[in-house]
Amino acid sequence: MTEPAHARLLSEVAQYYSAKLEEHGATPRGVDWNGPESHQLRHRQFLRLVADAPDASVLDLGCGFGDFLSFLRSSGFRGQFTGYDVAPAMIDKARELHGETGARWCVGATPEGVFDFAIASGIFNVRGDTPDAAWADYIDRTLDVLAQASRHGFGFNILSLSSDPEKRRAHLYYADPARMLSHCLSRYGRSVALLQDYGLYEFTVLVRHGQVAPPPRPQP
């Protein structure tokens, strides 16, 4: 994918989620989730990665209006939280709701700095009319961003190709869990967990880094 094509893709994503926020407000549907129960269930999968480090720094890439910060605080997390989102309206709402004490909110897709852990929830699902190959390239690029931005590990979720075919939607992207697990094992090391047992049509991948930093992705 060329850089202009990548920029167009991110612009379309920003427009999509800005429209959802305007329509539904700061609710799960405002970030295109079904409801609060599944939203909380989705958040809980990431606790396996960060629960033992309550003072760690966390990056939330595609943070929306910052609901994951509220979840972490309610779970005892005390560390510095940084949220990035490509939709300026989301960042404005996050600042309004959460302030900037112990949190930082930024517009963009490429974070500055390195954090203890990095999380991306829901950012790989809505591909619109982007071809599958281009969307898969976007996912792989973004996983490298998460890897390079995290000292100890990162996590992400994505809709699963093993979900019921009749319930899939054309504008959404469904990933092959086996392919994603193999990709992460080969690129980021052996400490990889795939979770697909929590009742949603998706899976979560958690990657823990070893002593060697993950390699930078070659530039096209």
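Dipole orientation for the range 82-143: of the candidates T82, N125, G113, T82 has the Cα lying most toward the positive pole (charges on Cβ; Lys, Arg +1; Asp, Glu -1).
Ligands, DNA and RNA left out, the accessible area of the range 79-220 computed with a 1.4 Å probe is 52% carbon and sulfur. Accessible area ranking (1.4 Å probe, heavy atoms, ligands and nucleic acids excluded), largest first, for H6, H98: H98, H6. Result for the chain in a Gaussian network model with C-alpha springs under 10 Å: among H152, H171, H209, the largest mean-square fluctuation is at H171. Of the whole protein surface, E3 contributes about 100 Å² of accessible area at a 1.4 Å probe radius.
With a Förster radius of 25 Å applied to the beta-carbon distance between L47 and R151, the computed FRET efficiency rounds to 0.85.
Taking amide H positions as modeled 1.01 Å from N, with prolines and chain starts lacking one, the residues under 5 Å from R104 and 5 or more places away or on another chain are F81, T82, G83.
Can you compute the helix-only [θ] at 222 nm over the chain? Use -39500 (n - 2.57) per DSSP H run of at least 4 residues, normalise by all residues, nearest 500 deg cm²/dmol.
For the chain, the value works out to -12000 deg cm²/dmol.
To the nearest 10, the accessible area of T110 is 100 Å² with a 1.4 Å probe. In the full protein context, the chain carries 48 Å² of accessible surface per residue, based on a 1.4 Å probe and ignoring ligands, DNA and RNA. Fraction of C-alpha pairs exceeding 32 angstrom in the chain: 10 percent, rounded to a whole number. Taking amide H as placed 1.01 Å from N in the peptide plane, the amide H of F115 sits under 5 Å from that of S150, R151, each at least 5 places away or on another chain. Residue order by solvent-accessible surface for K20, K167 is K167, K20, largest first, with ligands and nucleic acids left out and a 1.4 Å probe. Normalising the average separation of contacting C-alpha pairs (under 8 angstrom, six or more residues apart) by the number of residues puts the relative contact order of the chain at 18 percent. Determine which residues of the range 118-151 fall in the zone a paramagnetic label at S11 would reach in this model, i.e. backbone nitrogen under 17 Å from the point 7 Å along Cα→Cβ. Those under the cut-off are 128-131. Take every Cα pair under 8 Å in the range 117-206 that's 6+ residues apart, average their separations, divide by the length, and report that relative contact order as a whole percent. Computed value for the range 117-206: 33 percent relative contact order.
Taken along the Cα-to-beta-carbon direction at a fixed 7 Å, the label points for Y198 and Q80 span 2.7 nm.
Of R168, R42, which has the most accessible area and how do the rest follow, probe 1.4 Å?
Details: R168 75, R42 15 Å².
These residues rank, largest area first, as R168, R42.
A protection proxy built from the mean count of other Cβ atoms within 10 Å ranks the segments 126-134, 195-203, most packed first, as 195-203, 126-134.
The values are calculated or read from the model by the stated rules, or taken from the named source; none is laboratory data. None of these values were measured; they are calculated from a predicted model. As a convention, Cβ positions derive from the backbone with ideal geometry for all residues, glycine included, and neighbour counts pool all protein chains shown. Heads up: the accessible areas ignore ligands, DNA and RNA and are worked out on the full protein's heavy atoms, side chains in. Shrake-Rupley method; radii C 1.70, N 1.55, O 1.52, S 1.80 Å.
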